[in-house]
Amino acid sequence: MKFIIFAGTPGSGKTSIIKYIIQELKNDFKLYFAKFDCLRTSDDEIISKKYNIPTVKKLAGELCPDHYTALEIPKLIKENQDKDIIILETAGLCLRCSPYIKEGLGINVLDITSGSPERYGPILTDADVVAVSKGDLISQAEREIFRAEILKANSKTKIVETNGLTGEGAIDITEHIKSSSDIGNKKLTLKHSMPSALCGYCYGNKIIDEKEEQKRATMGKELKNLIPGLNCGKCGYRTCNEFIRDVLDKKIKASKCPYLKNK
Amino acid sequence: MSKKIEKITILPGINKFGKKENFEKIDIKKGEVIAIVGHTGAGKSQLLYDIERLAQKDTKSKRKILVNNEIPEKELRFNPKRKLIASLAQSMNFLTDISVKDFLQLHLESRGKKAKPGLIKEVIEEANKITGEAISPEANLLNLSGGQSRALMISDVANISISPIILIDEIENAGIKKEQAIKVLVEEGKIILIVTHDPSLALNTNKRIIIKDGGIVKILNTTLKEKGIAYYLNWIESYSLGIREKIRKGQEIKDIKIYCEPTKFKEKI
């Protein structure tokens, strides 16, 4: 099985180019498409209908979308053992983060109109392939400058110029996908550690104040130590973290967690 | 660039009905200018795309492109640093907030080239031959007019980009002296393909490729007579531009000369 991750800022054209890639690959490979987003998306349904391949929607909701992606990857793989290629599109919010995995292929869709590549973090610097989008909007010279700047940030990456409207470049990306290695049965590893998220704001604190933040962080950590962290869903929440936030906001009683009930 | 490009060859593919294109091969040599003509939606841009990616029966048209009679190595096709082709698309904007001369310097550096002294000045001078409104080296890139941007880009492609093949999508809408633009590019010994609807431009080339229903249906060598006609059409256009200039200056247009100037016409052919 090959595991392909597309990351890029919102509106960079990830979905547009993925559609052309699915079109190119779907006759020869069993595909699965997972669309991660924050709040809402219907791309998974559109792609499923148009290309007749199985897809899934994963919404991060209250969680950091890239952390959430990493949490969900093992499930995706387990449930799709019969597939040849899993294509995962991240919500793509953070330039610092990137849930690329060493064993798979990481593709950064980079909007050429979004400014200098210099400011991007692992989303670009760890990408195996950089798909430059919207190049048709700017001059040839600027395209060349942009290309040089990408290589300055990530000298090993392969650059493909793409056009989400015409599908230009999709074939080149499918070549990279076909020649990427299978993930096998190994444990997958992130190419880059994600930013830590351990503060009171993670536990739902809304008041901008050092003391309030610390208070909430302590309370959150205490509660976290009491629950098993299984993300079992029995409380009605997808994850323990979301549950803890609402407990601290007094929206739900801690006893809703079946493991806390007896303590 | 390790090898010089002497020519490219287009081998037939299929049209949108799946029928094989009716030609053996099309050779395009260094220094040649080729027009690609046909109705909107006929498949002109597809041909540019096939050439741009040096197609090997792996695009919709199933055409094959050879470079110097050989199948181009993968490196040339997929490594953008070694890309042979520069394209000038119709929409062409600048985004960088920088002066013209610093921008050209930046472009030179991105190509890993040391600037030959005076090159930047040359690029701007040449651009000014193409546009009516002179560009100052100190001007901000973002403030250039459409014609100035395009002229600068053409001069940049001719002088700074190393790409030996240039694809141009409809140069005529740009408010520049197009003959001068083509001349600048040809002088550098490049292969030029232009998608165009402009009669004087289409006839001012070495060959023209006619496209219909996604396939190449005809290849015509431009005759001497056609080149003469192109010159005539050009004269009409520049005459019309002259009138435009007068109108812009607030002058009254009193009469019109609708005959050609035969002496000049003869000189050219």
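Taken together, the values in this text are just the output of simple stated rules run on the coordinates, not laboratory data. Predicted model, so just to flag it, every value in this text is computed and none were measured. Glycine also receives a Cβ, built like all others from the backbone with ideal geometry; neighbour counts cover every protein chain displayed.
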- [ ] Find the relative contact order for the range A:200-256 and round it to a whole percent, using C-alpha pairs within less than 8 Å whose residues are 6+ positions apart.
- [x] 31 percent
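Under the rule a/c < 1.5 gives rounded, and otherwise a/b versus b/c splits prolate from oblate, where does the range A:200-256 land using the Cα gyration tensor?
Details: a/c = 2.32, a/b = 1.89, b/c = 1.23.
Prolate shape, in that a/c is at least 1.5 and a/b is the bigger ratio.
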TODO: Specify the residue with the greatest mean-square fluctuation among A:Glu213, A:Glu79, A:Glu175, computed from a Gaussian network of chain A linking alpha-carbon atoms under 10 Å apart.
DONE: A:Glu79
Task: Rounded if a/c under 1.5, otherwise prolate or oblate - the range A:87-183, Cα gyration tensor axes - done: oblate
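Treating only the Cβ of Lys, Arg, Asp and Glu as charged (+1, +1, -1, -1), what charge dipole size does chain A show about its Cα centre? Round to the nearest 20 debye.
1400 debye
I need to check one value: relative contact order of chain A, counting alpha carbon pairs closer than 8 Å and at least 6 residues apart, in percent.
Over chain A, the number comes to 20 percent.
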Task: Dipole of chain A, positive direction: furthest Cα of A:Ser12, A:Ile208, A:Thr218, with charges on the beta-carbon - done: A:Thr218
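Helix by helix, which DSSP H runs in chain A go 18 Å or more along their axis at the Cα atoms and have an average Kyte-Doolittle hydropathy of -0.5 or more? Could the numbers behind the result be given before it?
Numbers: long enough: A:65-79 (20 Å, -0.55); A:140-153 (20 Å, -0.42); A:210-226 (24 Å, -1.82).
Going by DSSP H runs, the hits are A:140-153.
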Open item on the list: Apply the a/c threshold of 1.5 to the C-alpha gyration tensor of chain B and tell me whether it is rounded, prolate or oblate.
Closed with: oblate
Open item on the list: Counting only helical runs of four or more DSSP H residues, what would the 222 nm mean residue ellipticity of the protein assembly as shown come to if each run contributes -39,500 (n - 2.57) and the total is spread over all its residues?
Closed with: -10500 deg cm²/dmol
Open item on the list: At a threshold of 8 angstrom on Cα-Cα distance, excluding pairs fewer than six apart, so keeping six or more, what relative contact order does chain B reach in percent?
Closed with: 24 percent
TODO: Tabulate in residue order the Karplus-calculated ³J(HN,Hα) for the range B:210-216, using 6.51 cos²θ - 1.76 cosθ + 1.60 with θ = phi - 60°, rounded to whole Hz; enter x for Gly and Pro.
DONE: 9, 10, 9, 6, x, x, 7
TODO: Rank the residues A:Phe6, B:Phe94, B:Phe103 as a footprinting-exposure proxy: fewest other Cβ atoms within 10 Å of their Cβ go first.
DONE: B:Phe94, B:Phe103, A:Phe6
Task: Choice from B:Pro164, B:Pro12, B:Pro117 showing the highest fluctuation, given a GNM over chain B with Cα pairs closer than 10 Å - done: B:Pro117
Task: Cα centre as origin, Lys/Arg/Asp/Glu Cβ charges: the range A:200-256 dipole, Debye - done: 280 debye
Task: Selection from A:Met194, B:Ile247, B:Leu95 lying farthest towards where the dipole of the protein assembly as shown points positive, charges on Cβ - done: A:Met194
Open item on the list: For peptide A:130-141, what's the mean number of Cβ atoms from other chains within 10 Å of each residue's Cβ?
Closed with: 6
Open item on the list: Lone cysteines in chain A, defined as no other cysteine's Cβ under 4.7 Å from theirs: which are they?
Closed with: A:Cys38, A:Cys64, A:Cys199, A:Cys202, A:Cys232, A:Cys235, A:Cys240, A:Cys257
TODO: Please report how far the C-alpha centroid of the range B:138-171 lies from that of the range B:5-22, rounded to the nearest whole angstrom.
DONE: 30 Å
Open item on the list: Given Cβ point charges of +1 (Lys, Arg) and -1 (Asp, Glu) and nothing else, what value in debye, to the nearest 20, does the dipole of chain B about its Cα centre take?
Closed with: 880 debye
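Given A:Lys49/B:Lys74; B:Lys227/B:Lys257; A:Lys35/A:Lys253; B:Lys116/B:Lys178; A:Lys57/A:Lys187, which pairs have Cα atoms separated by over 31 Å?
Check vs 31 Å cut-off fails for A:Lys49/B:Lys74; A:Lys35/A:Lys253.
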- [ ] Going by C-beta contacts inside 10 Å, put B:Lys177, A:Lys186 in order with the fewest on the left.
- [x] A:Lys186, B:Lys177
Task: Axial C-alpha extent at least 27 Å, average Kyte-Doolittle at least -1.0 - helices from chain B (DSSP) - done: B:224-248
TODO: Mind checking which of B:Gly132, B:Ile192, B:Ala151 is farthest towards the positive end of the range B:7-222's charge dipole, using Cβ charges of +1 (Lys, Arg) and -1 (Asp, Glu) about the Cα centre?
DONE: B:Ile192
